[in-house]
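Have a look at the structure below before the remarks.
The values are calculated or read from the model by the stated rules, or taken from the named source; none is laboratory data. Everything numeric here is computed off the predicted structure, so don't read it as measured data. A quick note on method: Cβ atoms are made from the backbone with ideal geometry, for glycine too, and the neighbour counts reach across all protein chains shown.
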Amino acid sequence: MNLRTTGIVSLCISAMPVLMLAQTDEIQVYDGEIAPPGIFNLMIHNNFTPKGRTLPDYPGAIIANHSYQVTAEFAYGVTPWLEQGLYLPVTSPYSENHGSTINGFKIRELFTRPNAQAHTFIYAVNFEFSVNRHYWESRTITSEIRPIVGLHLHPWDLIYNPIVDTDYTGGLGNLQYNPSGRVAWNFNDRWALAAEEYDSFGPLHGFLPLSRQFHEVWATTDYSGTRFFGLSVEAGVGYGLTAASDKWTLKLMLSRNLNVHPWRP
């Protein structure tokens with residue numbers, strides 16, 4: 001192992017305790033890219049809220065302030081247009097009011113345009129089914145529908161996820177609108193710098209007042225490649241724009257294809 005590789009790996013490992021001390025299992029804009037058929041992928045999501053909401057969202061909920069969350073996301077490429085995912089475990093190693101907790105698990109199915117990364121226009125849809133502990137979500141069973149649309153304009157990427165969430169109460173009007181978006185500049189095929197936004201407007205039958213909506217803007221950087229043990233890395237910092245948002249949040253995502261040689265192109 002050369003010194004440069006050792007340094008990069010050491011930096012990632014040393015940064016994790018800082019970033020690994022948020023109350024969502026993943027902070028990510030989906031771009032429709034999936035694992036190739038027959039390939040397993042593991043992504044570790046690390047979210048830390050150094051300054052966030054100090055009151056629970058509902059009685060008994062985990063308090064976001066100072067919380068840390070880590071989730072293991074397993075994915076398998078079933079076909080060129082389908083990826084199967086499993087989030088297990090979803091955990092909060094630390095929160096101010098609950099300490100260390102196991103929060104639940106979820107499964108997902110991602111249907112996408114084959115070889116989405118090679119096309120100018122991308123489209124996909126992701127379905128998720130979650131089983132939650134009460135301190136993580138107010139309802140035991142929840143789901144997400146995440147349409148994915150975007151443009152690869154080389155070097156720009158424009159991606160939008162108009163997400164709706166449901167807890168299976170209140171009919172279609174009670175679907176929660178929680179979109180996210182991303183504008184990225186690709187320096188080359190390995191490195192990118194991006195601006196992201198994550199929002200929660202409330203139910204479709206009537207959005208919440210702005211002061212009660214969740215809006216965060218993010219600056220992120222991405223590395224995708226095979227040089228460093230096959231690891232891809234995304235790191236970022238988010239800033240809340242409203243009173244109902246967390247003021248500062250950090251994320252670190254580490255992913256790798258598990259059944260591919262780490263140095264193979």
field: Unmet criterion (only one of (1) farther than 18 Å from Ala64 by Cβ; (2) in contact with a strand residue (DSSP E or B) (Cβ under 6 Å, 6 or more places away or on another chain); (3) among the hydroxyl-bearing types (Ser, Thr, Tyr)) for Tyr198
entry: (1)
message: So Gly173 passes all but one of these: (1) modelled with pLDDT under 95; (2) in contact with a Lys or Arg (Cβ under 7 Å, 6 or more places away or on another chain). Which condition number does it fail?
response: (2)
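Conditions tested, residue by residue: (1) at pLDDT 95 or above; (2) of a type outside the set (Asp, Glu); (3) under 21 Å from Gly181 (Cα atoms); (4) crowded, with 16+ Cβ neighbours inside 10 Å.
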site: Gln28; (1), (2), (3), (4): yes, yes, yes, yes
site: His45; (1), (2), (3), (4): yes, yes, yes, yes
site: Asn65; (1), (2), (3), (4): yes, yes, no, yes
site: Tyr68; (1), (2), (3), (4): yes, yes, no, yes
site: Gly77; (1), (2), (3), (4): yes, yes, no, yes
site: Pro80; (1), (2), (3), (4): yes, yes, no, no
site: Thr91; (1), (2), (3), (4): yes, yes, no, yes
query: Would you pick out the residues in region 178-194 that are over 19 Å from Trp218 (Cβ atoms) and either crowded, with 17+ Cβ neighbours inside 10 Å or touching a Phe, Trp or Tyr at 6+ places or on another chain (Cβ under 8 Å) (or both)?
result: Arg190
Pick from region 31-43, criterion under 16 Å from the mean Cα position of the chain (by Cα) and part of a strand (DSSP E or B), ranking: surrounded by the fewest Cβ atoms within 10 Å (Cβ to Cβ): Leu42
message: I'm trying to understand the selection: among the residues of region 138-150, which are surrounded by fewer than 20 Cβ atoms within 10 Å (Cβ to Cβ), over 30 Å from Gly60 (Cα atoms) and in contact with a Phe, Trp or Tyr (Cβ under 6 Å, 6 or more places away or on another chain)?
response: Val149
- prompt: With Tyr135, Tyr123 as the choices, which residue is touching a helix residue (DSSP H, G or I) at 6+ places or on another chain (Cβ under 9 Å) and either in a strand (DSSP E or B) or crowded, with 16+ Cβ neighbours inside 10 Å (or both)?
  reply: Tyr123
statement: Of the residues in region 54-89, those that are under 30 Å from Leu158 (Cβ atoms), over 19 Å from the mean Cα position of the chain (by Cα) and not aliphatic (A, V, I, L, M) come to Thr79, Pro80, Trp81
Any chance Thr24 is within 20 Å of Gly99 (Cα to Cα), at pLDDT below 95 and in contact with a strand residue (DSSP E or B) (Cβ under 7 Å, 6 or more places away or on another chain): yes
task: Would you please list the contacts, defined by Cβ atoms under 7 Å and residues six or more apart or on different chains, that run from a residue in region 47-58 that is within 18 Å of Glu26 (Cβ to Cβ) to a residue that is of a type in the set (Val, Ile, Thr) and not in a strand (DSSP E or B)?
output: Asn47/Thr24; Asn47/Ile27
query: So, in region 212-233, of the ones that are in contact with a Ser or Thr (Cβ under 6 Å, 6 or more places away or on another chain) and not in a loop (DSSP other than H, G, I, E, B), which residue ends up surrounded by the fewest Cβ atoms within 10 Å (Cβ to Cβ)?
result: His215
task: Scan region 100-119 and report the pairs whose first residue is hydroxyl-bearing (Ser, Thr, Tyr) and whose second residue is in a strand (DSSP E or B) and crowded, with 19+ Cβ neighbours inside 10 Å, with Cβ atoms within less than 8 Å and a gap of 6+ or a chain change.
output: Ser100/Ser92; Thr101/Ser92; Thr112/Glu83; Thr112/Ile122; Thr112/Ala124; Thr112/Ile148
